[in-house]
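Everything on this sheet refers to the single structure shown next.
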Amino acid sequence: MQPIITSQDVKLSYGAFEALHGIDLDFNQNEITALIGPSGCGKSTYLRCLNRMNDLIEGVTITGSFKLKDLDMYAEDTDVVELRRQVGMVFQQPIPFPMSIFDNVSYGLKLNGSPDKNFLEERVEESLKQAALWDEVKDDLNKSALELSGGQQQRISIARVLAVRPDVILMDEPTSALDPISSAQIEDTLLQLKKEYTIIMVTHNMQQATRVSDKTAFFNLGNLIEADSTEKIFMNPAKQETDDYINGKFG
């Protein structure tokens, strides 16, 4: 299978401190990959490399190669705004904008110059359906998104990313701030979304990784220890370090 994203020998430093030590990791289309590891191991730092969010941090140096299909993601002439449209991001805390549900979901479309009302209405409906939220909000799209529950707000955040039709969706612990019922709804949504999108997700929840991901990558101390099918990582890991982490011996 041809990877949609490839990364080779990725190193990232904050000033003199090297946080990532030569990461080689690829991601296949229409798969969910879980990035796991203890706090501070580099998994979220690596995730933010995939849509150049680390560019916003002063003093960061990144070397190595990142490609989205044939696009060199870190080339000088790469349009970072367009890259972030193609590689969308859902954060740990839901981030609804202080505006209506409709305006939240259509925000990126308007930003990209899509003012046609019928087009916006169709895309908002389609994105809310993909995010499994349409039936709950379809009669009240003018309601402030701030009035929704935490789980609904996170699905609004997902719908907003989906509205601009990305190729890849990055998720940084998307259910850690949610209750178990909302978390289960998000997981069900992810399993539907992978039919059309590639999803890369940081999670501390081992059970969640086994439930939703096709592939798992284990990070520790800025190193990629191993990456393989989720079944192999959890049932028969190649490295003792991985086995120790999964069985709770550290982390």
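The values are calculated or read from the model by the stated rules, or taken from the named source; none is laboratory data. In this text, all values refer to a predicted model and were calculated from it rather than measured experimentally. No Cβ is skipped: glycine too gets one built from the backbone with ideal geometry, and neighbour counts run over all protein chains shown.
Scanning the stretch 55-92 for residues that are closer than 30 Å to Gln152 by Cβ and in contact with a strand residue (DSSP E or B) (Cβ under 6 Å, 6 or more places away or on another chain) turns up Val87, Gly88, Met89, Val90, Phe91, Gln92.
Working carefully through the options Pro98, Pro115, Pro38, Pro94, find the one that is under 21 Å from Tyr197 (Cα atoms), assigned to a loop (DSSP other than H, G, I, E, B) and of a type outside the set (Gly, Ala, Ser). Steps first, answer last, please.
Working: Pro98 fails: under 21 Å from Tyr197 (Cα atoms); Pro115 fails: under 21 Å from Tyr197 (Cα atoms); Pro38 fails: under 21 Å from Tyr197 (Cα atoms).
After applying the criteria, what remains is Pro94.
Which of the residues belonging to the stretch 104-127 are touching a residue at least 40 places away in the same chain (Cβ under 8 Å) and surrounded by fewer than 19 Cβ atoms within 10 Å (Cβ to Cβ)? Full working, then the answer.
Quick first cut of the stretch 104-127, residues touching a residue at least 40 places away in the same chain (Cβ under 8 Å) only: 104-109, 112, 123.
Hits for the stretch 104-127 are Tyr107, Asn112.
Can you name every residue in the stretch 234-251 that is among the hydrophobic types (A, V, I, L, M, F, W, C), part of a helix (DSSP H, G or I) and either touching a Gly at 6+ places or on another chain (Cβ under 6 Å) or touching a residue at least 40 places away in the same chain (Cβ under 8 Å) (or both)? Residue satisfying the conditions is Ile246 alone. Counting the residues of the stretch 96-117 that are of a type in the set (S, T, N, Q) and at pLDDT 95 or above gives 3. When Glu173, Glu241, Glu187, Glu226 are screened for being touching a His at 6+ places or on another chain (Cβ under 7 Å) and either surrounded by 15 or more Cβ atoms within 10 Å (Cβ to Cβ) or not acidic (Asp, Glu) (or both), only Glu173 passes. For residues that are assigned to a loop (DSSP other than H, G, I, E, B) and over 22 Å from Leu47 (Cβ atoms), tally how many sit in the stretch 176-194. Qualifying residue count for the region: 1.
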